[in-house]
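Note sheet for the following structure.
The values are calculated or read from the model by the stated rules, or taken from the named source; none is laboratory data. This one's a predicted model, so the numbers in the text were calculated from it and none came from an experiment. Note that we place each Cβ from the backbone using ideal geometry, even for glycine, and neighbour counts take in every protein chain shown. Note: accessible area is taken over every heavy atom of the protein model, side chains too, but ligands, DNA and RNA are not part of it. Shrake-Rupley method; radii C 1.70, N 1.55, O 1.52, S 1.80 Å.
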Amino acid sequence: MLVNNKSSYIQTIVAACSQGSASLWLIPGCVFFAASFQIGTPLIQSKYDPGPSFISMLLGGLLLVGGVGILVARFMAKGPTRRLRSTPLPIKMIGIVLAYIASIPFIGFQFSTLVFGITSMAILRVSPTLSCVATALLIFVVHLVFVEMFGIQLPEFSLLEYVGS
Amino acid sequence: MLELFEAIPSLLSLHILVPWLLAMVFGVFVGSTPGLTATMAVALIVPFSYQLDKEAALAMVIGVSFTAIFAGDIPATFLRIPGTPASAAATLDAHELAKNGRGRQALLVNLLCSALGGVGGVILLIYLSPALAKVAVGFGAFDYFWLCLLGLILGVSVSSGRRPNLGLLAAALGFAFAMIGRDPLTNQERFTFGFSALEEGVSFIPAMIGLFGMSEVFRAVCKIEAHPPDRITAGPFRPIRSLGLVLRHFPTFLQSLLTGTLVGALPGAGADVAAWGAYGISEKTSPKESDNFGKGEWKGVIAPTSANNAAVAAAWIPALVFGIPGDAVTAIVLGVFLVYDITPGVELFSSGQGSFIFAIALVTQLLLIPAGLLGIQFFSQLVRLPRGMVLTSVVVFSVVGAFAMNNSMVDVWVMFAFGLLGLRLENAKVPLAPLILGMILGPKVEVYLRQGLIAANGDVSAIVASVVSMVMSIMFILTVLLTLSRQLVRKKDEVI
């Protein structure tokens with residue numbers, strides 16, 4: 001009976017720990033734990049202060065332990081582990097957002113937003129006419145609110161400067 | 001109190017009410033635009049206020065300062081982009097309700113709770129200012145440390161649903177991200193890896209926009225690619241039913257109001273701690289509905305929205321009594337007070353100027369309702385646009401909003417990176433809210449712990465020396481044990 005109870009508890013703990021992906025915690029855990037040893041001791045640090053690396057070391061350790069726990073639990077789990085049904089990556093959308101952000105410093109906010117808006121809406125099945133009108137309106141609203149009202153200088157077309165230099 | 005009621009009629013003239021209401025509408029629209037903050041709205045309204053009488057000017061500035069949190073809840077509900085850190089707690093349930101076609105009703109309930117929470121907060125502020133100020137002064141670094149740690153664990157416990165172990169790890173990851181940059185106590189660089197752009201740390205707002213907004217766009221695109229385009233419907237406009245919902249959950253409202261006021265009165269604790277604390281307490285005190293939290297539970301909307309607005313009102317206690325602004329918005333408003341010869345301190349209350357400020361704060365909560373209704377109606381129309389247009393606009397506003405924080409493309413890349421991280425975490429069924437909670441509260445936990453140890457000459461036993469610390473540390477341990485045992489019990493049921 002005692003053995004049964006014990007095995008049931010182990011199963012419970014294993015099941016509880018085997019959720020999620022281990023790499024999500026192991027990679028940042030390794031980075032933060034290892035890099036916390038690189039943090040120097042500042043001259044102005046009080047002798048009673050545990051220092052700027054203390055908590056980061058603890059956090060890196062916690063992430064590592066969590067990741068290892070999930071990994072061990074996966075190995076210990078009896079039978080085939082239930083895989084999480086992951087959503088497919090929206091590669092096209094990630095790609096055009098990446099290209100949009102990367103192009104802003106070179107071709108400016110307005111032009112890159114024009115290209116991004118029309119492309120993105122086309123991918124998302126908005127009619128071409130509507131997407132052109134909506135993008136133009138979007139650029140106008142952003143300019144009005146951010147540039148005219150709040151004086152925020154959005155990046156402008158500067159490709160020629162780069163070519164020139 | 002009598003002086004307060006005498007001050008109110010003097011505020012109800014058209015030359016004060018019209019600019020006051022216009023300023024609040026302006027505050028709602030600015031606060032609800034991703035990337036534009038309440039601080040920017042208040043800063044922009046100040047030059048306009050100088051053209052008016054002292055009464056109208058103060059009403060405008062105080063009015064805008066009180067619209068911030070409700071305004072931040074609007075994009076949080078419809079787009080899952082919290083406009084302010086204090087809106088993050090309400091995002092969980094409000095966005096779920098919006099996805100089920102009850103977004104407008106969620107915002108109506110939110111608006112009523114914000115206004116009533118604000119009224120309650122101001123009334124408590126009037127009565128409890130002297131006593132709360134004494135309590136707040138008595139709080140030491142370790143008391144704040146336990147308060148923030150308790151807020152963190154309560155938030156993690158509630159927002160993680162059935163996966164508190166993953167929630168805890170997500171909070172640790174958020175905490176670790178918050179440590180990138182310069183150490184606040186010694187100015188030592190941490191985790192910058194030689195990149196000067198990282199010296200200032202990971203900006204919180206771009207991270208939040210990416211984690212919630214950008215990842216939601218990516219997820220929505222996946223759905224559109226798989227099925228015909230869908231739309232978030234704002235749902236019907238039912239103010240009476242919304243009021244009924246608030247009244248039905250009146251004990252939750254009252255409990256959150258008190259939590260918000262107590263937390264808000266502590267300098268530096270903030271409306272975000274109050275919102276998460278109230279959310280956690282509400283879940284713990286509602287065993288029947290605890291499984292529904294995070295899935296569109298009304299109490300999950302009522303608790304944080306009542307508490308954060310009550311906390312904003314209570315944050316005026318240290319500001320008015322000691323002249324210590326708790327945040328940037330309060331600092332600007334205190335600056336305006338000084339222009340009009342209003343000096344914070346005990347004399348403020350004896351001179352009658354305190355009653356005048358309380359009267360403005362009280363009427364502001366009532367004016368929030370028409371200003372907020374305009375904001376709700378406007379956003380409800382926007383979400384009726386084709387989903388592809390809305391998602392594209394969210395990306396553009398997220399990019400511009402992240403850029404506008406520091407006029408830096410680095411923040412835009414941070415936003416994008418957190419968008420991808422959010423997508424990856426959600427695919428692995430890891431709750432996102434604890435990560436953001438770790439980023440908000442983690443640095444406070446670290447600073448208070450280290451400050452306390454320095455003040456106690458390294459004596460570790462001082463960590464639970466005061467009564468407040470002792471009580472909160474016990475509550476912290478109990479919460480951890482209850483949370484983990486709850487997961488084990490659930491898993492055992494599933495295994496059996």
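Observations, loosely collected:
- Any hit, region B:97-104, residues being over 16 Å from the mean Cα position of the chain (by Cα), open to solvent by less than 10 Å² (accessible area, probe 1.4 Å) and aliphatic (A, V, I, L, M): yes
- Of all residues in region A:49-70, those satisfying the criterion of being open to solvent by 20 Å² or more (accessible area, probe 1.4 Å) and either touching a Ser or Thr at 6+ places or on another chain (Cβ under 6 Å) or modelled with pLDDT under 85 (or both) are A:Ser53, A:Met57.
- Qualifying residues in region B:259-290 (those that are in contact (Cβ under 8 Å) with a residue 24 or more places away in the chain and open to solvent by 30 Å² or more (accessible area, probe 1.4 Å)) - the one nearest to the chain's Cα centre (by Cα): B:Gly268
- Selection status of B:Leu169, part of a helix (DSSP H, G or I), within 20 Å of the chain's Cα centre (by Cα) and at pLDDT 85 or above: no
- Here A:Gly95, A:Gly117 are screened, and the one residue that is open to solvent by less than 30 Å² (accessible area, probe 1.4 Å), modelled with pLDDT of 80 or more and assigned by TED's automatic domain parsing to the domain that holds A:Phe146 is A:Gly117.
- Region B:146-205: number of residues that are at the interface with chain A (Cβ under 10 Å from one of its Cβ atoms) and of a type in the set (S, T, N, Q): 5
- Odd one out for B:Val414 among (1) part of a helix (DSSP H, G or I); (2) at the interface with another protein chain (Cβ under 10 Å from one of its Cβ atoms): (2)
- Those residues of region B:376-392 which are surrounded by 24 or more Cβ atoms within 10 Å (Cβ to Cβ) and either more than 14 Å from every other protein chain (Cβ to nearest Cβ) or within 22 Å of the chain's Cα centre (by Cα) (or both), in sequence order: B:Ile376
- Among the candidates A:Gly117, A:Gly95, residue that is without any contact (Cβ under 8 Å) to a residue 40 or more places away in the chain and more than 9 Å from every other protein chain (Cβ to nearest Cβ): A:Gly95
- Within the option set B:Phe349, B:Phe397, B:Phe378, B:Phe337, being more than 18 Å from B:Pro75 (Cα to Cα), assigned to a helix (DSSP H, G or I) and at pLDDT 80 or above holds for one residue only, B:Phe337.
- One residue alone among B:Leu432, B:Leu449, B:Leu420 is within 20 Å of the chain's Cα centre (by Cα) and either open to solvent by 10 Å² or more (accessible area, probe 1.4 Å) or among the hydrophobic types (A, V, I, L, M, F, W, C) (or both), and that residue is B:Leu432.
- Residue check for B:Phe48: modelled with pLDDT under 80 and aromatic (Phe, Trp, Tyr): yes
- Residue satisfying condition, being under 20 Å from B:Phe204 (Cα atoms), more than 16 Å from the chain's Cα centre (by Cα) and surrounded by fewer than 24 Cβ atoms within 10 Å (Cβ to Cβ), within set B:Leu149, B:Leu44: B:Leu149
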